[in-house]
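The block underneath contains the structure these notes are about, expressed in structure tokens.
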Amino acid sequence: MLDDFMVRAALAGIGVAIAAAPLGCFVVWRRMAYFGDATAHAAILGVALSLAFSMSIFIGAVVVALLMALTVNVLSGRGYAMDTLLGVLAHSALAFGLVAVSFISGVRIDLMAYLFGDILAVSRGDLVVIWSGAALVVALISWRWSALLTSTMNEDLAYASGINPKREQLALTLALAITVAVAIKVVGVLLIAAMLIIPAAAARPLSRTPEGMAIAAGLIGMLSAIVGLRAAYVFDTPAGPSIVCIAATTFLASSVIKSLRPAG
Amino acid sequence: MSLVQVEDLSVRYGAKTVLSRVSLRIDKGEIVTIVGPNGSGKTSLLRAIIGAVKPSLGHVTQGSGVKIGYVPQKLHIDETLPITVSRFLKLPGGVLAADIGQALMQAGVPDLSKAQLSQLSGGQFQRVLLARALIGKPDLLLLDEATQGLDQRGSASFYQQIEQVRQDTGCAILMISHELHVVMSASDRVICLNGHVCCEGTPAVVASAPEYRALFGTGTGGALALYRHDHDHGHDHGDHTHDHKHTEAAE
């Protein structure tokens, strides 16, 4: 069954959707959308460094994404507005990454594969990396779930309950870096943030509890991956962007459902 | 044995000293109110007591087994986070459904457990926060300007609820309030804070203290009035200096 590239692609897409769903909810609740973007853009620099030193792209992307996230954490609140800081860092990291890739001689690198993903070329080895990464992210977030949720509601309430919100933030940052690294192959660095935010945003009007929203986001993400791949096959369109288009369509549908219904 | 003892507490944010050598203690069952102008370190003091900010000097000691309930100043719940009142009260976990029901009852909002947090009015929200603070059956309740954003009726009814809670549970209360008329009628003790403890004592003693008058004016014992706020009093500041030149209006 795994011999079929479409099956491998679907499994890769589902893996990423599962990791991105609970994390994406926190990204939405904590208003970290641009933070996710910056972390994802930095990953291209990680890809360049991995290729230069011929090590695993997954490791390189995780390390650089993590460094990026920690840099933002350290620099925030030091004289620049958060959106300015993220704008500077996200685009600088992307630009440095692109320049760094151009220095790598020998192999001709298909840059498009890293910017927009190359889900149809997912190997069995990639699948192992994606599913292990997704399992790690889901395990980490499930383990810290209540503490993360409390910290997200209010930092002082977290302190009063004996939770250190700074430590929870670190767990979230780590989960984000891992998700970015596993999602590169599937949707590429430019569209990773879309996989985080769009399913979670689409799930919001359909949910009454935080857990319900995470599960709904997961289902929407998986549906988008499967339908998006099918659409890409039928219409001969790029796979990663097609998946995001389907996710965006579900967001539209759920927004319409919300507006047709009394507030609740 | 006091519930909480604060000794020689100083708090700095970067180069800015917000609290300088503050000492105080809260005993069982008493109502203590902290008053002081904006930026006088009131919130920092409460945050130091719950451990959210590390003292740069001095320390905060809790009596053994003392439980603290904390009602924060304001809480913005993002509309994108769907959560019911009862789920919010269960966080971070290990809370029994019966305790949630009882806390909501004590806070005066027994019917809200299934409501969405983002749909509550300001007054309802404050009561839910109060319920959350009551869940652990606290010996000490910390309230940071709990009636901010409520109208006068809402605020009066909130304070009545607090009084009811104290009668029912006998817990001590340490609160920050801008509403001087409430403070003066309800507190056992008032602490006047302005980076340091300016003066403290029973409401009557504090109201007649020159330090208090310098901060809050004379006349009505601090009732609702516009007051001049000159900070021209002098007393021992140690190594701590702050700006004494502004003029402010009170609520």
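The values are calculated or read from the model by the stated rules, or taken from the named source; none is laboratory data. Just so it is clear, the model here is predicted, and its values are computed rather than measured. Here Cβ is always computed from backbone atoms with ideal geometry, including for glycine, and neighbour counts include all displayed protein chains.
Annotation note: of A:Ala200, A:Ala193, A:Ala231, A:Ala247, the sole residue that is of a type outside the set (Val, Ile, Thr) and touching an Asp or Glu at 6+ places or on another chain (Cβ under 8 Å) is A:Ala193.
Results for (1) over 23 Å from A:Ala248 (Cα atoms); (2) surrounded by fewer than 21 Cβ atoms within 10 Å (Cβ to Cβ); (3) within 11 Å of the chain's Cα centre (by Cα); (4) modelled with pLDDT of 90 or more, shown as yes or no for each residue.
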position	(1), (2), (3), (4)
A:Leu176	no, no, yes, yes
A:Leu190	no, yes, yes, no
A:Ala203	no, no, no, yes
A:Ile220	no, no, no, yes
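Figure legend. Inter-residue proximity from the range A:192-218: first residues at the interface with chain B (Cβ under 10 Å from one of its Cβ atoms) and farther than 16 Å from A:Leu149 by Cβ, second residues assigned to a helix (DSSP H, G or I) and among the charged types (D, E, K, R), beta-carbon distance below 8 Å, spacing 6+ or different chains. Indicated pairs: A:Pro205/A:Lys258. Select from the range B:34-50 the residues that are surrounded by 16 or more Cβ atoms within 10 Å (Cβ to Cβ) and in a loop (DSSP other than H, G, I, E, B) and write down the one among them that is farthest from the other protein chains (Cβ to nearest Cβ). The residue in question is B:Pro37.
A single entry from A:Leu174, A:Leu136, A:Leu127 fulfils the requirement of being in contact with a Lys or Arg (Cβ under 7 Å, 6 or more places away or on another chain), farther than 30 Å from A:Lys258 by Cβ and away from chain B (no Cβ under 14 Å): A:Leu127.
Scanning the range A:229-253 for residues that are of a type in the set (Ser, Thr, Tyr) and modelled with pLDDT of 95 or more gives A:Thr249, A:Thr250.
Taken over the range B:19-28, the residue count meeting the criterion of being crowded, with 20+ Cβ neighbours inside 10 Å and either acidic (Asp, Glu) or touching a Ser or Thr at 6+ places or on another chain (Cβ under 7 Å) (or both) is 3.
Any residue in the range A:153-171 that is over 19 Å from A:Leu49 (Cβ atoms) and touching an Asp or Glu at 6+ places or on another chain (Cβ under 7 Å)? Yes, the range A:153-171 contains a residue that is over 19 Å from A:Leu49 (Cβ atoms) and touching an Asp or Glu at 6+ places or on another chain (Cβ under 7 Å). Restricting to the range B:124-133, name every residue that is away from chain A (no Cβ under 13 Å) and in contact (Cβ under 8 Å) with a residue 24 or more places away in the chain. B:Gln126, B:Arg127 - these are the residues of the range B:124-133 that are away from chain A (no Cβ under 13 Å) and in contact (Cβ under 8 Å) with a residue 24 or more places away in the chain.
This table checks each residue for (1) without any contact (Cβ under 8 Å) to a residue 24 or more places away in the chain; (2) part of a loop (DSSP other than H, G, I, E, B).
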{"residue": "A:Ser224", "(1), (2)": "no, no"}
{"residue": "A:Val227", "(1), (2)": "yes, no"}
{"residue": "A:Val234", "(1), (2)": "yes, no"}
{"residue": "A:Thr237", "(1), (2)": "yes, yes"}
{"residue": "A:Pro241", "(1), (2)": "no, no"}
{"residue": "A:Phe251", "(1), (2)": "no, no"}
{"residue": "A:Val256", "(1), (2)": "yes, no"}
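Among the residues of the range B:72-87, those that are surrounded by 14 or more Cβ atoms within 10 Å (Cβ to Cβ) and more than 7 Å from chain A (Cβ to nearest Cβ) comprise B:Gln73, B:Lys74, B:Val85, B:Ser86.
Here B:Val95 meets each of (1) at pLDDT 85 or above; (2) within 14 Å of chain A (Cβ to nearest Cβ) with one exception, condition (1). The sole residue among A:Gly125, A:Gly162, A:Gly133 that is of a type outside the set (Asp, Glu) and not in a helix (DSSP H, G or I) is A:Gly162.
Taken together, the residues in the range B:147-195 that are touching a residue at least 60 places away in the same chain (Cβ under 8 Å) and crowded, with 21+ Cβ neighbours inside 10 Å amount to 17. Answer yes or no as to whether B:Val11 is crowded, with 19+ Cβ neighbours inside 10 Å, farther than 30 Å from A:Arg30 by Cβ, modelled with pLDDT of 90 or more and away from chain A (no Cβ under 11 Å). No: the conditions fail for B:Val11. In the range A:146-167, which residue that is hydrophobic (A, V, I, L, M, F, W, C) and more than 7 Å from chain B (Cβ to nearest Cβ) is surrounded by the most Cβ atoms within 10 Å (Cβ to Cβ)? That would be A:Leu148. Just one of the listed residues (B:Leu57, B:Leu3) is surrounded by fewer than 16 Cβ atoms within 10 Å (Cβ to Cβ) and more than 14 Å from chain A (Cβ to nearest Cβ), and it is B:Leu57. Of all residues in the range B:101-123, those satisfying the criterion of being surrounded by fewer than 21 Cβ atoms within 10 Å (Cβ to Cβ), away from chain A (no Cβ under 12 Å) and over 18 Å from the mean Cα position of the chain (by Cα) are B:Gly101, B:Gln102, B:Met105, B:Gln106, B:Gly108, B:Pro110, B:Asp111, B:Ser113, B:Leu120, B:Ser121. Of the helices (runs of 4 or more DSSP H) contained entirely in the range B:118-208, those carrying at least 3 residues that are out of contact with any strand residue (DSSP E or B) (no Cβ under 6 Å at 6 or more places or on another chain) and at pLDDT 85 or above fall at B:122-134, B:152-169.
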